[in-house]
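K.L.:
Can you read through this structure? Questions will come right after.
The values are calculated or read from the model by the stated rules, or taken from the named source; none is laboratory data. Quantities reported herein were computed from a predicted structural model and do not represent experimental measurements. A quick note on method: Cβ atoms are made from the backbone with ideal geometry, for glycine too, and the neighbour counts reach across all protein chains shown. We work out accessible area using only protein heavy atoms, side chains counted, and drop any ligands, DNA or RNA first. Shrake-Rupley method; radii C 1.70, N 1.55, O 1.52, S 1.80 Å.
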Amino acid sequence: VDEGTSICDFDAEEKHHKYSVEASVVHFDHGGKQFTAIDTPGYPDFIGQTIGALRGVDTALIVVNAQSGIEVNTRRVFDEAGKAGMGRMVVINKMDGENIDFPAVLSAIQEMWGPACVPLNVPLGHGHDFKGVASTLTVPADTAGALIDPNEIHDPLLERIIEVDEGVMERYFEGTPPTDEELSKLIVRAVAEGSLIPVLCCSGKADVGVSELLDAVAMCGLAPGDVKRIATKDGEEIEVTPDPDGPLVAQVFKTRIDPFVQKLSFIRMFSGKLKRDDNVVASTARKPVKMGPLLRVQASETEACDEAGPGEIVAVAKMEELQTGTVLGEYSLPAIKFPTPMVGLAVTPKSRGDETKLSGALNKVVEEDPTFRLDRDAQTKEMVMTGMSELHLSVIQERLSRRD
């Protein structure tokens, strides 16, 4: 990020400011599993991107800066993920930074979010001495340099995992530990039910603890069928299951206007299948819409794909009928609730003839950013754009200037 070479921060504004402005989608394989990840901004000014992204995922990794601890936006995202009923994990990043008090950061996390937050690993050293992490589930023989003894955490962690199954818990307290097979099933259930919120440590920049983080997500992150989702049709509720042969249930969770002014609609598949040229019912269109080519997205790159099934995220280009929140299929899903923008700024074109051009450019921003609004003041006749903050509006002005 600092060098402007991050795959996810590919916009000119992101490279210039050295932080994320938009949510970006990537995919990768790890531990024999296929992952789609959405990298979201950390600044509260761009919370709309994060709220939209939460509709597209099953597990939320809430990143805490080891140096600054829990911040305002960290709490907000944690709560939003909880309301959405998804699995949550906490990642303490930047463990290679200076002046870090790991026990204090962990204590603040547990005080804020409760005893369900249990470390799945602990750091071996910090600052310049941060050399790795030690598992608290399978404690290694050598734990030299551990900032907290992983043996002290092992039993509380086990109890958090097995409390979702009374039979296993009874046997455990009678002296029979759970098998590895039981643990691998129960840890996912514990995360799904919220009785366990795993805490992981790493330094993304130094690439220490990152492979262990991915192992942890592979081990206890939720699959599409682990999150309960309800859809409605004619007043009747159904639980959405990730069945490729089931009814189509999908939703546009993000819209992006790329530099070539090509509208991309990002779709999360929950049930059924979607193919190019399919005629599909869309909640924002009066009649079924014909799907264009489906695209698999890797940050700023796209490649065509034939079809998409449950759990996948694909994009379609140049479909004006689709908007952020559009549901595809004959069922309805809850609306995505974005916060109301409150900070206004009057805008005028440099020359009168540019008003139509400015209005068109601003309306494209409205389409891709649900926390941005454009109005005309009835008294002053001025065009007023409203966003989440001065920073939010400042970045939008930069984007408009670049697209001009």
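K.L.:
Ranked from highest to lowest mean number of other Cβ atoms within 10 Å per residue, what is the order of the peptides 360-371, 139-150, 15-26?
P.N.:
Details: 360-371: 17.6, 139-150: 14.7, 15-26: 19.3.
With the highest mean Cβ count within 10 Å placed first, the list reads 15-26, 360-371, 139-150.
K.L.:
Choose one answer from 96, 234, 129: the residue with the largest mean-square fluctuation in a GNM of the chain with alpha-carbon springs under 10 Å.
P.N.:
Highest fluctuation of the listed residues: 234.
K.L.:
Evaluate the distance, in nm, between pseudo-label points positioned 7 Å from the Cα of residue 26 and of residue 299 along their respective Cα→Cβ axes.
P.N.:
0.6 nm
K.L.:
Multiplying the sequence separation of residue 337 and residue 351 by 0.36 nm and subtracting their Cα-Cα distance, what value in nm do you get? Could you put the intermediate results ahead of the total?
P.N.:
Numbers: separation 14, 0.36 × 14 = 5.04 nm, distance 3.71 nm.
Stretched out fully, the residue 337 to residue 351 stretch lengthens by 1.3 nm.
K.L.:
Can I ask one more? Quick one: dipole size for the chain, taken about the Cα centre, charges +1 on Lys/Arg Cβ and -1 on Asp/Glu Cβ, in debye to the nearest 20. Walk me through the numbers on the way to the answer.
P.N.:
Details: 41 positive and 65 negative charges, 390 e Å.
Using only the charged Cβ atoms, the result is roughly 1880 debye.
K.L.:
What 222 nm value per residue comes from the helices of the chain, counting each DSSP H run with n ≥ 4 as -39,500 (n - 2.57) and dividing by all residues, nearest 500 deg cm²/dmol?
P.N.:
Numbers: 10 runs with 112 residues, N = 404.
Dividing the helical sum by the residues of the chain leaves -8500 deg cm²/dmol.
K.L.:
Further, regarding this structure: Among 25, 292, 195, whose Cα lies farthest out toward the positive end of the dipole of the chain, if unit charges sit on the beta carbon of Lys, Arg (+1) and Asp, Glu (-1)?
P.N.:
292
K.L.:
Still on this structure: Given a Förster distance of 25 Å, report the FRET efficiency between residue 238 and residue 35 from their Cβ-Cβ distance, rounded to the nearest 0.05. Could you put the intermediate results ahead of the total?
P.N.:
Details: r = 27 Å, r/R0 = 1.09.
Plugging the Cβ-Cβ distance into 1/(1 + (r/R0)^6) gives 0.40.
K.L.:
What FRET efficiency, computed as 1/(1 + (r/R0)^6) with R0 = 56 Å and r the Cβ-Cβ distance, is obtained for residue 218 and residue 359, rounded to the nearest 0.05?
P.N.:
Approximately 0.70, to the nearest 0.05.
K.L.:
So if we plug the beta-carbon distance of residue 12 and residue 318 into 1/(1 + (r/R0)^6) with R0 = 25 Å, what FRET efficiency do we get, rounded to 0.05?
P.N.:
It comes to 0.65.
K.L.:
Ordering 230, 47 by how much accessible area each has at a 1.4 Å probe, largest first, what is the list? Intermediate results must be reported in sequence, preceding the final value.
P.N.:
Details: 230 65, 47 0 Å².
Most to least solvent-accessible, the answer reads 230, 47.
K.L.:
How large is the dipole of the stretch 163-231 about the Cα centre if only Lys and Arg carry +1 and Asp and Glu carry -1, each at its Cβ, rounded to the nearest 20 debye? Spell out each step's value before the answer.
P.N.:
Working: 6 positive and 13 negative charges, 86 e Å.
My answer is approximately 420 debye.
K.L.:
Also, quick follow-up: According to a simple spin-label model (label point 7 Å from Cα along Cα-to-Cβ), what is the distance in nm between residue 176 and residue 397?
P.N.:
Going by the 7 Å Cα→Cβ label model, 7.0 nm.
K.L.:
What's the carbon and sulfur percent of the chain's accessible surface, probe 1.4 angstrom, rounded to a whole number? Walk me through the intermediate numbers first.
P.N.:
On the way: 9630 of 20030 Å².
Ligands and nucleic acids excluded, carbon and sulfur give 48 percent.
K.L.:
Could you identify which residue out of 246, 311, 221 has the top mean-square fluctuation in a GNM of the chain using Cα springs shorter than 10 Å?
P.N.:
246
K.L.:
In nm, what is the difference between 0.36 nm times the number of residues separating residue 104 and residue 67 and their Cα-Cα distance?
P.N.:
Extending this stretch completely gives an extra 12.3 nm.
K.L.:
Another one. Per residue, what accessible area does the chain have, given a 1.4 Å probe and all protein chains present, in Å²?
P.N.:
Details: 20030 Å² over 404 residues.
Heavy-atom SASA per residue in the chain reads 50 Å².
K.L.:
Rounded to the nearest 20 Debye, what is the dipole magnitude of the stretch 150-198 about its Cα centre when Lys and Arg each give +1 and Asp and Glu each give -1 at the C-beta? It would help to have the intermediate numbers written out before the result.
P.N.:
Values: 4 positive and 12 negative charges, 37 e Å.
So the magnitude is around 180 debye.
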